[in-house]
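Asker: Please find one structure pasted underneath; my questions will follow.
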Amino acid sequence: MSTILIVLFLLVVVVVAASFALGRGTYEVDSARDTEFLELEGAWVRYDVIGGGPPVVLVHGWLSSSRIWEALARRLAQRFTVYSLDLTGFGESDKPLSGYGVRNGSRLLYAFCAHFGLTRASVIGHDLGGNMTVKLAADHPDVVGRVVLVSVPADEDQIDLPTPLWLATLPVVGPLFYALGRAVRPVRKMWMRPFVADPDDLTDELVDDAGKSTPAAAARTLSISRREIARGRLVRQAKVIKMPMLVVSGEEDQIVDPHSVSAWAGSVQRAEICLIDACGHAPMVERPAELAARILAFLTGDARYLDQSSAPPADAAVEDVPEDEQAPLLSENGNDLRPIDPHDDADDTADLTAEYPIEDVTPEPNGPPKIHRKRDGSYQAEDRDDRRPAREPSEDPLRDRNRRATSADDPIPELPADLFDWPEPRREPRRRQRPETPEDDPPESPNGPSHPS
């Protein structure tokens, strides 16, 4: 009996030690290339930039990476410059021991936007990445122009994890379960199956990205985020958001309660709700065309995207429609809400669409003739035939002393003849003064010198 107890005790010690070691494990990228990685908040973060136009930032959620946006990013890149990144702890970014949760994720997003100089960017967040997006919009309204939330919980009670994945988040045995899922692909596939409504929509990228995190990053991100969004704290903070918001959710979402869209819409002044039929927790994977149509219609104000969800309208493509003719983003008051390019120095108050009349400079028949400059420095009428030839300079210096030098850049044809005829200076006659003696000097008067009568 004592032997069995000793063996059980040793097993418990091994399990606790392994769990502690796995829970405090970190991961750093092997190589950092300037085109894909940048250092933010003390960690290397992988990112990607495609397309051209106003900025759009994509923020992934829990147990995923920026690869979850690939299908959507290709569609948005036709009208926008799409920025995507792997949050710390996920994907190919660093997995530090700390720095997780909604607050730290919002700080990372702000550093990311500041690095690229983004202002009034449209930020799209999925799952817990949407909570970070709301925090960013509330704290930095100058950075965020529009917000799109995709399957984002408004309260911790709206998160419902499947049992196998819930076991991986437990304090002691969680790291062991997560390490098992990272090593065995069928276990990860069992984790991610509830993320989609149709099993055929479960992609290999979605399954593989679930195992790229560390036990510490996965567990702490979920636990810290749950505390930060508990009892609707983030929803109350979202009431200060003034920019438009689109809230999207799948009707068959098994991870986040679809009724969360009502909580977000009730806290934001300008919110739109969109429920996608036959869709689970990942609309960007299950219904990328329909989600792209909804987002493009929201960002551009062009409802034609909703009529053709498989692809953007042919007449609305960037290469076919000039930027100044694209549909503007108008608020309820008629103000233009299009994202501002930080490198655009054009005057926003100028009316670029007004047609100004072109003044006709052709002279009238009875009007004054056109005047053009002659080579000898004088002006002549264009329609006159009696043009005098230019005078040749004479050898007599007295004859040409008042003539101005010939010059094509001289607007004055001739100088006045008396310009150099200076008058003679007036000379006052000098008076002879007799020598003065002290006795002859009359006394000075306070009113001035006295004169003899």
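Asker: Restricting attention to segment 267-281, which residues are touching a strand residue (DSSP E or B) at 6+ places or on another chain (Cβ under 8 Å), among the acidic types (Asp, Glu) and in a loop (DSSP other than H, G, I, E, B)?
Answerer: none
Asker: If you take just the strands (runs of 3 or more DSSP E) that sit entirely in segment 13-63, which of them hold at least 1 residues that are modelled with pLDDT of 90 or more, among the hydrophobic types (A, V, I, L, M, F, W, C) and touching a Ser or Thr at 6+ places or on another chain (Cβ under 7 Å)?
Answerer: 43-51, 55-59
Asker: So ASP157 clears everything in (1) closer than 30 Å to GLU272 by Cβ; (2) surrounded by 19 or more Cβ atoms within 10 Å (Cβ to Cβ) except one condition, right? Which one?
Answerer: Among (1) closer than 30 Å to GLU272 by Cβ; (2) surrounded by 19 or more Cβ atoms within 10 Å (Cβ to Cβ), the lone unmet condition for ASP157 is (2).
Asker: Inspect segment 93-109 for any residue being under 27 Å from LEU296 (Cα atoms), part of a loop (DSSP other than H, G, I, E, B) and under 16 Å from the mean Cα position of the chain (by Cα) and give the result as yes or no.
Answerer: no
Asker: Give the residue, chosen from VAL172, VAL184, that is of a type in the set (Val, Ile, Thr) and either in contact (Cβ under 8 Å) with a residue 40 or more places away in the chain or under 23 Å from ASP277 (Cα atoms) (or both).
Answerer: Exactly one residue qualifies, and that residue is VAL172.
Asker: Check TRP264 against each of (1) under 30 Å from PRO164 (Cα atoms); (2) in a loop (DSSP other than H, G, I, E, B) and name the one condition it does not meet.
Answerer: Exception for TRP264: condition (2).
Asker: Would you check which residues across segment 125-145 are surrounded by fewer than 24 Cβ atoms within 10 Å (Cβ to Cβ) and in contact (Cβ under 8 Å) with a residue 60 or more places away in the chain and list them?
Answerer: ALA138, PRO141
Asker: Right, next: Using the structure shown, decide if ASP155 is at pLDDT below 95, of a type in the set (D, E, K, R) and in contact with a Gly (Cβ under 9 Å, 6 or more places away or on another chain).
Answerer: yes
Asker: I'd like to verify a number: residues in segment 190-207 that are among the acidic types (Asp, Glu) and free of Cβ contacts under 8 Å to residues at least 40 places away in the same chain, how many?
Answerer: Number of matching residues: 2.
Asker: Could you grab me the full set of residues in segment 208-255 that are free of Cβ contacts under 8 Å to residues at least 24 places away in the same chain and within 29 Å of the chain's Cα centre (by Cα)?
Answerer: ARG233 - this is the single residue of segment 208-255 that is free of Cβ contacts under 8 Å to residues at least 24 places away in the same chain and within 29 Å of the chain's Cα centre (by Cα).
Residue-by-condition table, conditions (1) surrounded by fewer than 23 Cβ atoms within 10 Å (Cβ to Cβ); (2) closer than 15 Å to LEU40 by Cβ; (3) in contact with a helix residue (DSSP H, G or I) (Cβ under 6 Å, 6 or more places away or on another chain); (4) modelled with pLDDT of 95 or more:
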{"site": "ALA77", "(1), (2), (3), (4)": "yes, no, no, yes"}
{"site": "TYR83", "(1), (2), (3), (4)": "no, yes, no, yes"}
{"site": "THR88", "(1), (2), (3), (4)": "no, yes, no, yes"}
{"site": "PRO96", "(1), (2), (3), (4)": "yes, yes, no, no"}
{"site": "GLY99", "(1), (2), (3), (4)": "yes, yes, no, no"}
{"site": "VAL123", "(1), (2), (3), (4)": "no, no, yes, yes"}
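Asker: Of the residues ARG231, ARG227, ARG182, which is in a helix (DSSP H, G or I) and either modelled with pLDDT of 90 or more or among the small types (Gly, Ala, Ser) (or both)?
Answerer: The unique qualifying residue is ARG227.
Asker: Among the residues of segment 269-292, how many are of a type in the set (A, V, I, L, M, F, W, C) and crowded, with 23+ Cβ neighbours inside 10 Å?
Answerer: 6
Asker: Hey, another quick one. Checking THR163 against (1) in contact (Cβ under 8 Å) with a residue 60 or more places away in the chain; (2) more than 22 Å from LEU109 (Cα to Cα); (3) hydroxyl-bearing (Ser, Thr, Tyr), which single condition isn't satisfied?
Answerer: Of everything listed in (1) in contact (Cβ under 8 Å) with a residue 60 or more places away in the chain; (2) more than 22 Å from LEU109 (Cα to Cα); (3) hydroxyl-bearing (Ser, Thr, Tyr), THR163 misses just condition (1).
The values are calculated or read from the model by the stated rules, or taken from the named source; none is laboratory data. Keep in mind that what you see is a predicted model, and the values were worked out from it rather than measured. We place every Cβ from the backbone using ideal geometry, glycine too, and count neighbours over all the protein chains shown.
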